[in-house]
Amino acid sequence: MVTTARRRPFRAALALALPMVATLGLLSATPATADEMRKNQYWLDAYGITKAWESTKGAGVKVAVIDSGVDGSHPDLKGAVVGGTDVSGSGKPNGQKGIGDEPVHGTLVASLLAGRGHGGEKTDNPKPDGVVGVAPEAQLLTVSTWLGSPNPSGKSIDEQIPQAVRWAVDNGAKVINMSLSSTSPAWPASWDSAFLYAEQHDVVIIAAAGNREAGLTQVGAPATIPGVVAVAGLKKDGTSSQGSSTQGITIAVSAPAEALVGAVPGTGYANWSGSSGAAPIVAGVAALIRSKYPEMRAAQVINRILLSAKHKGDAGHNSTYGYGALDADAAVNADIAPVNVSPLPSLQDWITIHRRNEPSSPPATTASKPPATSGPTLPEPTTPVALPPSQLDSGVPAAIIIGFGLLLLLVIAGGVVHLSVLRRRSVTERGSQDTS
């Protein structure tokens, strides 16, 4: 049903920085049964989620899952998926077919976020079997993308990701979950406008920080994009996961990433690990907040998640845990002072500073263009452009100097002539006196 995921080769971001974008999870996935699911969801109680349910379960909030596709027919997801699309050119139009290197991945992620379980209607089973997500009443939008292996349609990640983000925003998502990452902290300039579009439309984007066991040594894009909530992974004991997390200054918050359970396409389940699972747990909490406070802006939603987190590691924000471990109950219910600006950097400000020297429409080249399936191509390094020579280096100062020189010569020549005239006049006058 589910096999152990292959370790992906690490591709360092070199001159052209071609990162491999892939889903993050299935590091040790094994089949499981429905009756194992509920009792193994330790994070529901340990991270304050069941307590937060006393206020809200996410009703009325649409969350987009940009992943490998979500099987909405799974017993635990029936009624949860309300829309979808495919941006890869290789999936089903409704986004509900698993595609790419890990076709089960999107369904696993979706079940952690908004699984509804099943069988709870039976009188002898007051609690549902299967997977109950963090926001079990939220509505899901699935956007299937082809990740981690060559796309049969030839459509690159560079094209798919911006299209996926824009579609999600245009179709009403208030939260977007991206359990995918790359080997590079940089991202293509072509992604800027799509993520800025989400920022300007008040959408919260959650992204996985990446997994060391998948070959990542640092947080990779899109978790490095300003404004995106980057989620690091924790072990079951609440400490940083060495395999299912990475480190970096963009990490915002931490959540469970080991000993996870989830639904897979069809009717199955799996035990799994990865920061892919940490991200939808945080995205589910964002949905809970947006459900309880429907008028609350994205900046305040993010602020509540970060400021309510239980601090861990070095003092203040740190590159291992971010602001700390997720506390769903506090994020939803605590009295937290409102803010108008997100505690995370603004993408608009970043673009203004860092893209200003890049050409707005770089010339298209075919010789250097990588295969479409190799991952997004970051912009070519910008060649410094020499400024026009300063006027101080032009011929004007030289002309001025020469002019002054000529003027000085004329003055001197005039003086010499004047003295000569005076001498002749003096001699003439003396001669006249002698004669008289």
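We did not get these values from a lab; they are worked out from the coordinates using the rules stated. Because the structure is a prediction, the values reported are computed rather than measured. Cβ sites come from the backbone with ideal geometry, for glycine too, and all protein chains shown count toward neighbours.
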| So what are the ³J(HN,Hα) numbers for the range 270-287, from phi and the Karplus equation (6.51, -1.76, 1.60; θ = phi - 60°), rounded to whole Hz, Gly and Pro as x? | 8, 8, 7, 9, x, 5, 4, x, 5, 4, x, 5, 5, 4, x, 5, 4, 5
| message | Using the basic label-point model (7 angstrom from Cα toward the beta carbon), what is the Asp45 to Asp202 distance in nanometres? | response | 3.8 nm
| For Lys174, which lysines qualify as cross-link partners when the Cα separation must be under 16 Å and same-chain residues fewer than eight apart are set aside? | Lys57, Lys62, Lys292
| query | Which ³J(HN,Hα) values in Hz, rounded to whole numbers, follow from the phi angles of the range 222-232 under the Karplus curve 6.51 cos²θ - 1.76 cosθ + 1.60, where θ = phi - 60° and Gly and Pro get x? | reply | x, 6, 9, 6, x, x, 7, 7, 8, 10, 8
| Phi-based couplings in Hz for the range 70-76 (Karplus 6.51, -1.76, 1.60; Gly and Pro marked x) | 10, 7, x, 8, 4, x, 7
| His201's amide H: which non-local residues (gap 5+, or another chain) put their own amide H closer than 5 Å, with H modeled 1.01 Å from N in plane and none for Pro or chain starts? | none
| remark: With the label point 7 Å along the Cα-to-beta-carbon line of Gln348 and a cut-off under 16 Å to each amide N, the hits in the range 270-311 are 297-300
| Long-range amide H partners of Gly84 with built H, under 5 Å | Thr142
| query | What is the Cα radius of gyration of the range 80-163 over 2.2 N^0.38 Å, N being its residue count? | reply | 1.30
| query | For the range 230-359, what mean projected area does the convex hull of the alpha carbons give, in nm²? | reply | 10.9 nm²
| For the range 201-241, what is the Kirkwood estimate of the hydrodynamic radius, computed as the reciprocal of the mean inverse distance between distinct Cα atoms, to one decimal in Å? | 11.2 Å
| field | Rough spin-label spacing in nm, given labels placed 7 Å along Cα→Cβ, for Ser190 and Ala337 | value | 4.4 nm
| said: Can you list residues from other chains, or at least 5 along the same chain, whose modelled amide H is less than 5 Å from the amide H of Val253? | reply: Ala230, Ala232, Tyr323
| note | By the mean-Cβ-within-10 Å protection proxy, highest first, 66-77, 278-289 rank as 278-289, 66-77
| query | Rg and Dmax of the range 171-233, Cα atoms, in Å? | reply | 11.8, 35
